[in-house]
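Notes for the one structure printed next.
What follows is calculated from the coordinates using simple rules that are stated; it is not laboratory data. The model shown is predicted, which means the values in this text are computed figures rather than measured ones. Here the Cβ positions follow ideal geometry from the backbone for every residue, glycine too, while neighbour counts run over all protein chains shown.
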Amino acid sequence: MDYNNFDYDKLIEVISSLDKRYANVFSFGKSVQGRDLYCAAIGGGDKKVFLNGAHHSLEWITASLLANWCVDYIDAIKSGTQIGGEDARRLYGKCTYYIAPMINPDGVNIVINGLTPDNPQYMSVMDMLDGQNVSEVWQANINGVDLNHNYDALFYEYVEIARQAGYDKPGPRRYPGVAPFDQPETAAVREFVLDEEFPFTIAFHSQGEVIYWSFQDKGFPDLAQSLADASGYTLDAATGISSYSGYKDWYLDKFNLPAFTVEVGLGQNPLPFEQFEQIKTDCYPLIARCADLV
């Protein structure tokens, strides 16, 4: 499988190929344009870990990472070998990974495949782009809402900050929407999380090789350090416009349970695919470590 330019069709190809003896594949919601938000549950343990990627369109490499993990993990379980430095069968018996590689499939598709006139939102997106190249700037969903600013964690405080910074209407990035969870993608994530009651979660983004672990006065520094030790990434606290209304922020604020943002790779989004193998080398041990942290 070629994980470069990992669009929705490639996601379906990977998800559909997973061995059903080990992976329970299902949709927990739909995007604005009706694409399924797929999740693969892999494991036999009672402890649960929820991993998600590609809230942001340019960061599709995080979907590549999580989809490739699913394939490699099942292969390692079958062969009785290691993944991320850990025995795959031990991980399988200890916890169940719930992996949603692509939260924003509509946005990912236009970044990778271009915006074509047959897209139902063609004119509105063209207006929002205002001459910019969609493949270079588009982080939002197809409605022009930044999904990682659409969560209920100091949301209205962020609305004011975004307004002052010029993000007061739908566009390629930073616009939070009118109200928390007013987009079908984030609403689906919210309902899924409430139903499953995950005790541990990570959202994968790019870039920076950093792990954000706190929100306001909440966070789990010891667990964050364990993830940093596994990956070689550094720990940091988000500041300024990035420190409001994100998925990790909401999770910590709502549930006071371990939640982290892992920023993979270095450079400018979309990251060059040449970094993919190094991202896997860094993040596979981090993902494997999760099983021992819940």
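Values for this structure:
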item	result
Length-normalised contact order of region 80-184 in % [C-alpha pairs under 8 Å, at least 6 apart]	23
Violating pairs (Cα-Cα greater than 31 angstrom) within the set 10/218; 47/78; 48/218; 47/169; 169/254; 48/78	10/218; 47/169
Computed over the chain, the ratio Rg/Rh where both radii use C-alpha atoms and Rh is Kirkwood	0.94
Aspartates and glutamates with Cα under 19 Å of residue 20, excluding same-chain neighbours fewer than 8 positions away	36, 46, 72, 75
Ranked list, fewest to most other Cβ atoms within 10 Å of each Cβ, for 263, 277, 59	277, 263, 59
P(r) of region 197-294 over all Cα-Cα pairs, binned every 10 Å from zero, in whole percent	16, 50, 29, 4
Listed peptides 227-234, 120-127 by packing density, highest first (mean Cβ within 10 Å)	227-234, 120-127
Nonlocal amide H pairs with residue 37, under 5 Å, H built at 1.01 Å	28, 29, 30, 31
